[in-house]
1. So, in the range A:466-482, how many residues would count as being under 24 Å from A:Arg402 (Cβ atoms) and out of contact with any Pro (no Cβ under 8 Å at 6 or more places or on another chain)?
2. Scan the range A:428-486 residue by residue and report those that are part of a helix (DSSP H, G or I) and either farther than 22 Å from A:Leu35 by Cβ or hydroxyl-bearing (Ser, Thr, Tyr) (or both).
3. For the range A:66-73, state whether one or more residues are within 14 Å of chain B (Cβ to nearest Cβ), over 22 Å from the mean Cα position of the chain (by Cα), part of a loop (DSSP other than H, G, I, E, B) and among the hydroxyl-bearing types (Ser, Thr, Tyr).
4. It is to be established whether one or more residues within the range A:418-435 are over 23 Å from the mean Cα position of the chain (by Cα), surrounded by fewer than 18 Cβ atoms within 10 Å (Cβ to Cβ) and at pLDDT 90 or above.
5. Can you pull out every residue in the range A:372-394 that is part of a loop (DSSP other than H, G, I, E, B), surrounded by fewer than 15 Cβ atoms within 10 Å (Cβ to Cβ) and among the basic types (Lys, Arg)?
6. Counting only residues that are buried (at least 16 other Cβ atoms within 10 Å of the Cβ) and farther than 21 Å from A:Arg463 by Cα, how many does the range A:557-582 have?
7. Is it fair to say A:Leu108 is outside any helix (DSSP H, G or I) and of a type in the set (A, V, I, L, M)?
8. What pairs come out if I take residues in the range A:256-267 that are free of Cβ contacts under 8 Å to residues at least 60 places away in the same chain and within 17 Å of A:Gln278 (Cα to Cα) and pair them with residues that are outside any loop (DSSP other than H, G, I, E, B) and among the charged types (D, E, K, R) whose C-beta lies under 8 Å away, six or more apart or interchain?
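The values are calculated or read from the model by the stated rules, or taken from the named source; none is laboratory data. Everything numeric in this text was worked out from a predicted model, so none of it was measured. Don't worry about glycine lacking a Cβ; one is built from the backbone with ideal geometry, like all the others, and counts go over all protein chains shown.
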Amino acid sequence: MFPYFNFRRRIQGKMKLIEALKIVQKPLPVDAEPLKIFLACGYTPLHLQTFLTAHVQRGHPKRQIIVQTGVYGDLLGNLERLVKIPVDVGVIVLEWSDFDPRLGIRHLGGWEPENLPNILSNARARAAQLQKAIERISDHVPLVICLPTLSLPPISYTSGWQASAFDLQLQECLSALAARVAEVVNIRIVNPKRLDRLSPLPGRWDVKSELLFGFPYSLTHASAVAELLAGLLYPPLPKKGLITDLDDTLWRGILGEVGVQGLSWDLEHHSHVHGLYQQLLRALSVAGILIAVASKNDPALVEEAFKREDLILPKERLFPMETHWGSKSASMSRILRTWNIGSDSVVFVDDSPMELAEVKATYPEAECLLFPKESDQAVYELLERLRDLFGKNALSEEDAIRAESIRHTPSLQESVETFSSSSDRFLEQAEAELVVSFSKDPLDPRALELVNKTNQFNLNGKRFIEGSWRTYLKDPDTFLFMVAYKDKYGPLGKIAVLTGRHQGKTLLVDTWVMSCRAFARRIEYKCLELLFEKFEVEEIVFNFQNTSRNAPLQDFFVEFLDVSHEPGLRLSKDRFVEKCPRLSHKVKELTHD
Amino acid sequence: MTSVDGWDSIATVTLLVLIEEEFSIEIKPEDLEYLVSFELILDYLKANSPTS
């Protein structure tokens, strides 16, 4: 099998308890920053606590992972404790016995048919209590929730192969609870379907362990649950762009051989999986993922092919289009330059192992995936893999305008060249407008998204988990400055974030990121000017750290402001005023009174 | 096990489950209370491991 064609999920393989203990007990540097998690469940957390610590530790080897737990058998009480204890994130793992003890096996409260209505009624009441508690906690701390993973005991009077009304009503009660809390911004729920793949139902329940120790899970199940929880606590950054081949990938057929009308992506021609692939790429594009084409083809023929009106993914969704006979790695270089993102943020899909290898040799950090044209099943698995790679917790306004703003970049570049004798003149005619906000409440989720995904214009590369971000901003001495931008070439949305603290005549900047789409518009200067004005300070001290990716920010400090980029670098107001070029942005400040 | 500082019931359970996992055996609930020292556990393993 081709080495890059790997459809295994982001799953490391089942961790054994001895491995988990070795990870947990590995010594850490004395100054390791703690990462506090509260695990709330109704049973003894025992090995789940160990596996959760180990899985999170594996993803954050330099942090000190502290998983605190509550009291056995008191889920609601543990939820109360979760509010009171300062933690970065809360994890809630539910089981059926939390809804009524008779739905577990450690209590002998009776499984007679006449008890079923009362059990159902209790479960509904408990679900309402849990919903209320969960929603309240989520105001304070981000939550990850795992719904009951064990099957119901043989409580209903029907045989095991028949779904009883009682079972289904319990499921309905649980589904309603889950659907309601899943809509809350600060809550993520483990996908039970993914758990089904990792941990088949018959191997989950360890009856002996539950009866002896109060811990109901087999070790393999505990590891699987912990791994999914850890993945949701600290998900990987989603990829930003997808570069696709055309022939035998976006459509079935070699354009140069079968002609435009010979191409297909439908059931009739047994090429429906190509239609599904187009459908997914269209959905990704609408969700803000950049989609480009790299195809060895005759550009005129490709132009003709994209005139077909039955294409599910129209040409307007693809930018840029690299169609020629040159190498795909060269195409990828140009696409990355146009998108202004790194190769580690893109996925390249092609039906040719040779092309994948050629690109991988130049861009080893790119995710190169084979389009397995010979197997419908494998193509379907590819679609699932792509969804995993590009999955987001929520969509933002910026997702809708990202592709459009990049598409307009060439016209902006042309304008820059037209006005090359005077950048001032260009920027004046661009009709630039900033909308700025200093509000921390309500907290805009876009701020953290930008901080965690921006590499190039990033003060120190520091990433935050949601809980730490909220804790940091809860400090009344901190400020949050967000900037949205638009000009006559189109809106860019919210593109810059600064955070820091105000101390007398000094402003300490802890975080500063700006989207690469916003370069060359002097927004960075305007941000500093606005900060000097707003806080009336004489100097700004930057918590700068050199990273392998933040050269644009290093250049900004050295070339334009003539200050060395070292940790704790200082910029006086006088120096800034002296060096700052002419700024012509209009500014509007949003207030949230 | 009472001679080991910080040893508690959770440590006991963890050790016994670890032994079950590593040696692919199932310790009977009624045997658990007797496995209170390294020597007793070793004897139990010699008597009950699949290769014994």
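1. Residues in the range A:466-482 being under 24 Å from A:Arg402 (Cβ atoms) and out of contact with any Pro (no Cβ under 8 Å at 6 or more places or on another chain): 4 in total.
2. Once the filter is applied, which keeps residues that are part of a helix (DSSP H, G or I) and either farther than 22 Å from A:Leu35 by Cβ or hydroxyl-bearing (Ser, Thr, Tyr) (or both), the range A:428-486 yields A:Glu428, A:Gln429, A:Arg446, A:Ser468, A:Thr471, A:Tyr472.
3. Yes.
4. yes
5. A:Lys392
6. Qualifying residue count, the range A:557-582: 7.
7. yes
8. Every condition considered, the pairs that remain are A:Val260/A:Glu304; A:Leu263/A:Arg252; A:Ser264/A:Arg252; A:Trp265/A:Arg252.
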